[in-house]
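Worksheet: the structure to be examined is printed underneath.
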Amino acid sequence: MNSIMSLQWLRRSGKFLAGAVLTLTAFGIWVVPTYSTPVGELIAKKMMELEASQERWIQIDLKNQRLIAWEGGTQVYAIVISTGKGSTPTRPGIFNIQTKLAKSRMRGADYDVPNVPYVMFYEGNYAIHGAFWHRRFGTPVSHGCVNVAVNHARWLFDWASVGTPVVIND
């Protein structure tokens, strides 16, 4: 397994370590320090902190293809979603909504969709957004974004604000 494939395997397997400094050795092998905390532990800790607060936050459950809107430890909304397919997975982690747009054009190597509704970017080009082009919610089909039925996307868009935490777990 080459070093790029190793990094991809680590990321997909959930074994990628948050805060780790990766070092490429002279032998072409990436080294991960042993003092880093696994992402899963950081996610679990963050979820416990948010549940103990009164803060609004969004949980994306990749395994069960569910999005849950929380206010502290109280679930206020739960829906079936579609996250990234195997070749373009949705990455677990702790994020915050960075930008909200009522409509946006989504483009990639093999897609170009204008007027995507209720877009909330949480990291780079990754977003929670309405999807009018499919009804396969509950199945990973996206290019890494979190696809939500348009009516649910509108509710989330109105409920969440810039800065709202987004916790994505396996």
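Here are a few things to note about the model shown:
- The chymotrypsin sites (Phe, Trp or Tyr not before Pro) found in the range 54-151 that occupy coil by DSSP, while having at most 12 further C-beta atoms within 10 Å, are TRP133.
- Going by neighbour counts of Cβ atoms within 10 Å, the residues LYS63, LYS46 line up, fewest first, as LYS63, LYS46.
- Neighbourhood net charge (11 Å Cβ-Cβ; Lys/Arg +1, Asp/Glu -1) for VAL141: +3
- Between ARG66 and ASP61, ILE81, the built amide H atoms are under 5 Å apart, and every one of these is 5 or more places off in sequence or on another chain.
- For PHE132, residues with placed amide H under 5 Å, excluding near neighbours: none
- Fewest-first ordering of VAL80, VAL162 by other beta carbons within 10 Å of each residue's beta carbon gives VAL162, VAL80.
A short reminder: the numbers here are calculations on the coordinates, not readings from a lab. These numbers were taken from a predicted model, which means no experiment stands behind them. Neighbour counts are summed over all protein chains in view; Cβ atoms, including those assigned to glycine, are modelled from backbone coordinates with ideal geometry.
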